[in-house]
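The block underneath contains the structure these notes are about, expressed in structure tokens.
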Amino acid sequence: MGTAGVQAKPKARSPLEGMFLLAVRAHRVPQPVEEYRFATEQVGGSGRGLRSRLAAAGLRDWRFDFAWPSVKVAVECEGGIWNRGRHTRARGYTGDCQKYNAAAALGWTVIRVTSPMLARDPHSVCKTIRQILKGRGYRDQSERVGVEGENDGNAAGSSAHCA
């Protein structure tokens, strides 16, 4: 099943999500799918009976902030870490753990990113994502997924981006 029908309606991006997308573009990481409904994919896609299918599978209509569904890699932007945001309070943290555990059981790798990580070292964040994508066999004809130190002999393979 493809990504059609499991991408949620666009929502307003948080500043952290916007910062992440800027880093992705600047470091030439392949463009992810936004607001990917991974549990919906698992139960056959959206449509009639979705809630009951999710419940029968012990899942919820969870979304990843960003995902590369073909290789089951996702990024979650964890905001509010300094001001007791939703991700750090008991209920939100517990819900996140349930979501990440369900994703892991379904074969997903979830990369968690905070604003200090992106502000201090976006290159390392992008390098990690590219390494995981490459390790999972990600192939996109419009993008080269390389790892630092590799060079195919052209400028696109240089360390000017998150290669």
Test for Ala56: is it among the small types (Gly, Ala, Ser), touching a strand residue (DSSP E or B) at 6+ places or on another chain (Cβ under 8 Å) and at pLDDT 95 or above:
no
The residue from Arg63, Arg51, Arg28 that alone is touching an Asp or Glu at 6+ places or on another chain (Cβ under 9 Å) and closer than 15 Å to Thr128 by Cα is Arg28
For region 112-128, which residues satisfy the criterion of being touching a strand residue (DSSP E or B) at 6+ places or on another chain (Cβ under 8 Å) and farther than 18 Å from Arg13 by Cβ?
Thr128
Tally the residues that are in a helix (DSSP H, G or I), within 14 Å of Val71 (Cβ to Cβ) and of a type in the set (A, V, I, L, M, F, W, C), restricting the search to region 14-43.
1
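The values are calculated or read from the model by the stated rules, or taken from the named source; none is laboratory data. Given the structure is predicted, the values throughout are model-derived calculations rather than measurements. Here Cβ is always computed from backbone atoms with ideal geometry, including for glycine, and neighbour counts include all displayed protein chains.
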